[in-house]
Ligand SMILES: [Ca+2]
Ligand SMILES: [Ca+2]
Ligand SMILES: [Ca+2]
Ligand SMILES: [Ca+2]
């Protein structure tokens, strides 16, 4: 009797051990690929060994093509890919969970397959640490990537040609590149953040209390602007900040040459709407909260972007309700930014509701910060540091005709060269009775020392729930 019991126990143990191993990767231990094939990037996808939801082994696809049958615990797989957009997805119970990356040649990326069940791009620091315990998974068709990349034609798509042209590449050169079979180079990041419909005339983009984003197309000229009724980005592009108080900032967030919408929100988080269409016909992905909502400045986030520490990666600058401005460094990748959730205190502070905007105010080659404020003024902070460690002067306020600009309500500000004379002008918004007032201040001073003589109200019916 005792013996039978013991035997049964042994069988049970064996069974458990077998079950355990069935869900663990058994291939060679992780080894970093040292030689990334020329002109390609490498993406490591891994699932930590201690993955809690380990019972599931979803299929992994790259651009919709199944690449790994069963993604199991402690497994990893490296993919070599050509520059451009690539979608990775896992499928579980009919639900597809995708993530899109913009691959750059020579770059290494880490995607974690973790809890809750999804794919997450992680910083190189975290990725290198977590993948160290993983083992190589069996790919569905080894070397398929290589074959795919070899047979692929190098003809440019019409959109790529458009991007090349817009980047200033002459048409003859594009043809020559096509003939030589050259690949599409990364477009020079050059969007027109102030010209929504790309007709050469400046447009106005505002946020609102409700979280909606409005675009007012300029139907006049840059000299005599006149604005059409609001285009609602919610209806056209499904763009709306769910938590309200959208403070939009048009930027090429992932540096793919296409404009994206970065936006603040009432609870102090920052969202991104990534453009997968073109600049003229954008198609925005759904709202994505940066760091899954972990990136938080308190209330009323108002974001902008600049390479704060001069390392080649654009960082995030965010103002808040208390008038403070924080910086979150990009610890990810150029085309796939990831931000530290720990903020850097900049020392920049206005009366309240800081709306920072980045511009080189005094044309000395270093970026400066301008900001609106709850006291109705506009502040300028001159960068007196160096390219790696910005340091700011005591604030100056914008003057009009030698008098301090002070509007009745909270201001938002955009600094831009409105009339294309090479000098920085200002757009300032202020909530007024039943309407949003937007004012243009044309620089009558110099590039080094902007001066303003007139506060010119822009013609248009700007909705009263909005701000720049
Ligand atoms: Ca326009
Ligand atoms: Ca973009
Ligand atoms: Ca940086
Ligand atoms: Ca400067």
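Rule-based calculations on the coordinates, nothing more; no lab input. What you see is a predicted model; the values in this text were computed from it and never measured. Cβ coordinates were reconstructed from backbone atoms using ideal geometry, including for glycine residues, and neighbour counts include every protein chain displayed.
Descriptive notes on the structure:
- Relative to the globular-protein estimate of 2.2 N^0.38 Å, the Cα radius of gyration of the range 406-452 stands at 1.25.
- Kirkwood Rh in Å, taken over all unlike Cα pairs in the range 243-308: 12.0 Å
- DSSP bridge orientation in the chain - percent antiparallel, rounded to nearest 5: 90 percent
- Note on the chain: Kirkwood hydrodynamic radius from all Cα pairs is 24.6 Å, rounded to one decimal.
- The calculated Kirkwood hydrodynamic radius for the range 221-340 is 15.0 Å, given to one decimal from all distinct C-alpha pairs.
- Rounded to two decimals, the Cα-based Rg/Rh of the range 314-414, with Kirkwood Rh, is 1.00.
- Computed helical MRE - 222 nm, the chain, DSSP H runs ≥ 4 contributing -39500 (n - 2.57), nearest 500: -4000 deg cm²/dmol
- Computed label-point distance, nm, for sites residue 292 and residue 416 using a 7 Å Cα→Cβ extension: 3.6 nm
- Length released on extending from residue 50 to residue 446, taking residue separation times 0.36 nm less the Cα-Cα span: 136.4 nm
- Each residue in 284, 194, 273 was given a count of other beta-carbon atoms within 10 angstrom of its own, and listing them fewest first yields 194, 284, 273.
- The ranking of 334, 459, 202, 212 by Cβ neighbour count inside 10 Å, starting from the fewest, reads 459, 334, 212, 202.
- Largest to smallest principal axis extent of the C-alpha atoms in the range 81-128, angstrom: 35, 23, 10
- Modelled spin labels at residue 178 and residue 69, positioned 7 Å past Cα toward Cβ, are 4.3 nm from each other.
- Estimated at 0.36 nm per residue, the fully extended path between residue 226 and residue 406 surpasses their Cα-Cα distance by 62.4 nm.
- Angle between the chain longest axis and helix 2-22 axis [Cα atoms, degrees, rounded to 10]: 40 degrees
- Distance cut-off 25 Å, percentage of C-alpha pairs in the range 358-468 lying past it: 21 percent
- Annotation: peptides 363-369, 448-454, ranked by per-residue average of other Cβ atoms within 10 Å with the highest first, follow the order 363-369, 448-454.
- The range 266-342 and the range 50-87 have Cα centres spaced 27 Å apart.
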